[in-house]
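Written below as structure tokens is the structure these notes are about.
The values are calculated or read from the model by the stated rules, or taken from the named source; none is laboratory data. Because the structure is predicted, anything quoted here is derived from the model rather than measured. Glycine also receives a Cβ, built like all others from the backbone with ideal geometry; neighbour counts cover every protein chain displayed.
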Amino acid sequence: MHSSPSRVPCPSAGEAACVDAALAAFARQRPPLPLGVAYSGGADSTALLLGCARLWPGQVVALHVNHGLQEAASAFESHCVAFCQRLGVPLRVRRVQAAHAKGESPEAAARAHRYEALLALAAEPPALRAIALAQHADDQVETVLLALSRGAGLPGLAAMPARWQRGGLAWARPFLRVPGAALREWLAKQGLKTVEENSAGNDAGNSAEMGWVEDPSNASARYTRNRIRAQVLPALQAALPGFRAAFARSAAHAAQAQQLLQEVAAQDLAACGAAPPVIAALQTLSPARQANVLRYWLASCHASSPSSAQMTELLAQIAACTTRGHRLRLKVGAGYVLRQGERLQWLENG
Ligand SMILES: Nc1ncnc2c1ncn2[C@@H]1O[C@H](COP(=O)(O)OP(=O)(O)OP(=O)(O)O)[C@@H](O)[C@H]1O
């Protein structure tokens, strides 16, 4: 469930002070300890790991997932091992085979595998009670823009929640209101640099391990997210300097509205005879409520989500279903919606 991130004063990008404010706000939330920090070795999660290790000495564990997606994956893992050793923070590592299913994007598959791996790492003894992730305000803006670019509905526009519960763990994104540039500035203030900068400077007192690695795939224009980061965010910064906070508010409004729709859908599904719904009861609802309850039924009972075109067709078929003999059969998501007597039915292979 979404909850609004704590208010962190971040008047402009590039202000290291707002990182300290975000960490202080996270401390006030008192996450249950011990806490895992999802640590990729990149700048953002390095800042989060360092900040949390200072807040809760001896109570923080770094969690690294080796996706094996890039040749660089084992170098990232070695870097994480070395950095955590220097920091005196225990590190748990898990390797995953991030193969993606047909029709699924490689990034989405990697994300799903990452969450499963983080859950498994947290369950290793001694079990952790919370996990923090390092997504920041720019990531949130990118998520909203990606959702808009796909024509997503409220669940997509709600973007990433700041706090939620899953798998018996409290999850948090403490940096969701912090601009990415502020994190880089904060890291520089702590004397940290990229490992390349460290090696180039040959700084013995600040060896290569005490920094972060730049993920080369973050620069690739192949990914829409990277194009948004490189081209759209600078334009927004120039035209609408307050866009991060404004987009975050819109995402929070969308999250709240989505929660309300879920509650209405749960009530409507119960009033339609529960799952699967009774067709005549569905017909008494407005088309918008029918679509809402159908989406809820398909997602919660069958992990299936109809496209806009499929939903339009499904509503038309339900409206036309006024006689006993009227048949209904429609491809929806990964399966089929059929008529079975007075009710709808969902079958994987209809
Ligand atoms: N391989 C990984 N292992 C553990 N956690 C990860 C890994 N990759 C990402 N995460 C977590 O998920 C968050 C979002 O991932 P994303 O890929 O957007 O970030 P990133 O570019 O890797 O960020 P960062 O600069 O922190 O490394 C990261 O901030 C981090 O907390």
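General remarks:
- E214 within 16 Å of the ligand (Cβ to nearest atom) and part of a loop (DSSP other than H, G, I, E, B): yes
- Hey, A123 assigned by TED's automatic domain parsing to the domain that holds A25, more than 25 Å from V195 (Cα to Cα) and within 13 Å of the ligand (Cβ to nearest atom) or not: no
- Count of segment 267-292 residues which are under 21 Å from G153 (Cα atoms) and without any contact (Cβ under 8 Å) to a residue 12 or more places away in the chain: 3
- Selection count, segment 69-94, where residues are in a loop (DSSP other than H, G, I, E, B), over 19 Å from L183 (Cβ atoms) and more than 10 Å from the ligand (Cβ to nearest atom): 5
- Among the residues making up segment 120-155, those that are surrounded by 19 or more Cβ atoms within 10 Å (Cβ to Cβ) and touching a strand residue (DSSP E or B) at 6+ places or on another chain (Cβ under 9 Å) are L121, A122, L128, A130, I131, A132, L133, A134.
- Given (1) part of a loop (DSSP other than H, G, I, E, B); (2) away from the ligand (no atom under 16 Å from the Cβ); (3) modelled with pLDDT of 95 or more, number of the condition S6 does not satisfy: (3)
- When residues in segment 40-57 are screened for being within 14 Å of the ligand (Cβ to nearest atom) and outside any helix (DSSP H, G or I), 3 of them pass.
- Search result, residues across segment 219-247 that are touching a residue at least 60 places away in the same chain (Cβ under 8 Å) and within 22 Å of the chain's Cα centre (by Cα): Y223, T224, R225, I228, R229, V232, L233, F243, R244, A245, F247
- Residue within segment 165-172 that is assigned to a strand (DSSP E or B), assigned by TED's automatic domain parsing to the domain that holds C84, among the aromatic types (F, W, Y) and surrounded by fewer than 19 Cβ atoms within 10 Å (Cβ to Cβ) present: no
- Within segment 308-337, the set of residues being free of Cβ contacts under 8 Å to residues at least 12 places away in the same chain and under 16 Å from N292 (Cα atoms) comprises A309, T312, A316.
- When residues of segment 276-325 are limited to those that are among the charged types (D, E, K, R) and assigned to a helix (DSSP H, G or I), the one modelled with the highest pLDDT: R289
- Some residue of segment 81-95 being of a type in the set (V, I, T), in the same structural domain as Q135 (by TED's automatic domain parsing) and modelled with pLDDT under 95: no
- Test: A182 is within 15 Å of the ligand (Cβ to nearest atom), touching an Asp or Glu at 6+ places or on another chain (Cβ under 6 Å) and closer than 21 Å to F26 by Cα: yes
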